[in-house]
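The values are calculated or read from the model by the stated rules, or taken from the named source; none is laboratory data. Bear in mind that the values here come from a model prediction, so they are computed numbers and not experimental data. Neighbour counts run over all protein chains shown; Cβ positions are idealised from the backbone, glycine included.
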Amino acid sequence: MSELPILPPDSQESDVAWEGRVRQTASHLRYPPTPDLVRGMRAGMRQQAAQRLRLVRAVAAVLLILAGLMAVPQVRAEVRRILQIGVVRIFFGGETPTPTITTLPAMPLTATPQGAPSRHPTLTPIPTATPLGSVLGLPGETTLADAQDRTSFTITMPTYPANLGDPDHVFYFNVGDSIVVLVWTDPDQPDKVRLSLFEFGPNADVWKKGLTSGQELEIDGQTAFWSDQPHYTEFYTNTTVISRWVDTTVLVWFEPPITYRLEGAESLEEALRIVKSLR
Amino acid sequence: MAQLSDADLIHRARRGDAAAWDSLMQQHQEAVFRLAYLIIGDPDDAEDAAQETFIRAYRSLNRFDTDRPLRPWLLRIASNTARNQRRSFGRYFAALQRLARGEVTMHGEPDVEGLTIQQRDARALWQAVQRLNEADRQVIYLRHFLDLSVEEAAGVLNIAPGTVKSRLHRALQRLKDVVEVEFPSLRSEASQ
């Protein structure tokens, strides 16, 4: 079989010919020999197990110290744990706010910030959040096509459950970066949300507060988080806070560079099936 | 063991059959290592990333859907792991340690003199691809460097096959622009 000539591309050549040249040229790349990963993995797992053992011992020592410190009420009140998944920061511990459900006022979501916008923390007092009663209260409702035009990433949609179809509502807003929210409602109760999928651009800024428990897991090698505990979700800018009281299940995961948040799955198993069905 | 399907081997590995997992690794380690190498550009770091990929995959094996092919799933983990590693501080720290120990090799830059013209062109093409954005790089690596099918690439990228085709088309157009402007040596060699 005669080989295609090596690069370069002729500006007149067809796309098919160019692709053929790229494929042909790439096939000649010389890779280093593939190492014996089987042996390496066994050694790696032994090493990680030994590291975990050392870590467990160190953690046990720290816990003993912490246990002493936690006896002091002031210290106990300040202890928080933070888990970051993509652009979502999850704050554990602290007081869980009492839900005060109000309907949505005209939220200044895309309002012009006062002063230069910045994603870095400042000492400016954060305005009080007005909790939304439902994801349907989010501002910025639009069409899927418009949301896609305004985002730099490809919006993905679940193909499971099979009867889900296109979202009934699509919201787009920008808080540091594009956030797209796809919402499916109950066909018999249009006000009742069946499922919602949040897709966050890589520079969005999202906090979840008031959680005291949840389950960490891995999805495609990245840490994910599952919760069925009521909590607050907040989207922050310097001048705007959008707060929502969430009283359904939530799965947060990161598929670089996009962070996803699924709300309303009936179980973790169903949530993971939905994750796998995203197209 | 060699006649068993990936799904059979996964079921055995889940029950603790180490040989089944070894067999799966042997089948897929080359693709995993090569993808990590393409993303990171250093064989030592690529080996670390490939190893970490299989450790993560093994730990997540119970959640893997055996109705799906294994290779795209492994390559997706490899891609995430390699990209994280490329950005990690630990990688630079390890490189500094190797430098301090006098263990610096030119693994990432093989002896160019010993390469054939085709291999040099392939290397230049790889450098040209590295000028592209991450999404473009990924789709070209999967389709043309690792020779995955459209469906397999779609599985790795978690997008529809049609999106792979359109993304690849755009990536190749951008690659063409990069080659024409920044890699004239490829053009002059070809015209000889």
Notebook entry, point to check: Taking into account only those residues within the stretch B:79-95 that are modelled with pLDDT under 90 and of a type in the set (Ser, Thr, Tyr), which is farthest from the chain's Cα centre (by Cα)?
Noted result: B:92
Margin query: Condition (residue is crowded, with 21+ Cβ neighbours inside 10 Å, part of a helix (DSSP H, G or I), touching a residue at least 40 places away in the same chain (Cβ under 8 Å) and at the interface with chain A (Cβ under 9 Å from one of its Cβ atoms)) applied to the stretch B:135-150: is it met by at least one residue?
Written below: yes
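Looking at A:214, A:176, A:221, A:165, which is the one that is touching a strand residue (DSSP E or B) at 6+ places or on another chain (Cβ under 7 Å) and either more than 30 Å from residue B:81 (Cβ to Cβ) or assigned by TED's automatic domain parsing to the domain that holds residue A:138 (or both)?
Sole residue among the options that is touching a strand residue (DSSP E or B) at 6+ places or on another chain (Cβ under 7 Å) and either more than 30 Å from residue B:81 (Cβ to Cβ) or assigned by TED's automatic domain parsing to the domain that holds residue A:138 (or both): A:214.
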Next item on the list: Give the number of residues within the stretch B:47-63 that are more than 8 Å from chain A (Cβ to nearest Cβ) and crowded, with 24+ Cβ neighbours inside 10 Å.
Entry: 1
Note to self: I need the full set of residues from the stretch A:231-246 which are under 15 Å from the mean Cα position of the chain (by Cα) and modelled with pLDDT of 75 or more, in order please.
What the structure shows: A:233
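For (1) part of a strand (DSSP E or B); (2) within 14 Å of another protein chain (Cβ to nearest Cβ); (3) closer than 29 Å to residue B:74 by Cβ, each residue gets a yes or a no:
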residue: A:156; (1), (2), (3): no, yes, yes
residue: A:161; (1), (2), (3): no, no, yes
residue: A:167; (1), (2), (3): no, no, no
residue: A:181; (1), (2), (3): yes, no, no
residue: A:192; (1), (2), (3): yes, no, no
residue: A:229; (1), (2), (3): no, no, no
residue: A:233; (1), (2), (3): yes, no, no
Next item on the list: Would you check if residue A:139 is at pLDDT 60 or above, surrounded by 15 or more Cβ atoms within 10 Å (Cβ to Cβ) and in contact with a helix residue (DSSP H, G or I) (Cβ under 7 Å, 6 or more places away or on another chain)?
Entry: no
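Taking the stretch B:23-45, which residues are more than 8 Å from every other protein chain (Cβ to nearest Cβ) and in contact (Cβ under 8 Å) with a residue 24 or more places away in the chain?
Of everything in the stretch B:23-45, those that are more than 8 Å from every other protein chain (Cβ to nearest Cβ) and in contact (Cβ under 8 Å) with a residue 24 or more places away in the chain turn out to be B:24, B:28, B:31, B:35, B:36, B:38, B:39, B:40, B:41, B:42, B:44, B:45.
Restricting attention to the stretch B:64-80, which residues are more than 9 Å from every other protein chain (Cβ to nearest Cβ) and among the hydroxyl-bearing types (Ser, Thr, Tyr)?
Passing the criteria: only B:66.
Can you report the number of residues in the stretch A:249-269 which are touching a residue at least 24 places away in the same chain (Cβ under 8 Å) and either within 12 Å of another protein chain (Cβ to nearest Cβ) or surrounded by fewer than 20 Cβ atoms within 10 Å (Cβ to Cβ) (or both)?
Number of matching residues: 8.
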Check: Among the helices (runs of 4 or more DSSP H) confined wholly to the stretch B:1-78, which include 2 or more residues that are modelled with pLDDT of 95 or more and not assigned by TED's automatic domain parsing to the domain that holds residue B:126?
Finding: B:18-40
Next item on the list: Among the residues of the stretch A:198-227, count how many are modelled with pLDDT of 80 or more, assigned to a strand (DSSP E or B) and away from chain B (no Cβ under 14 Å).
Entry: 4
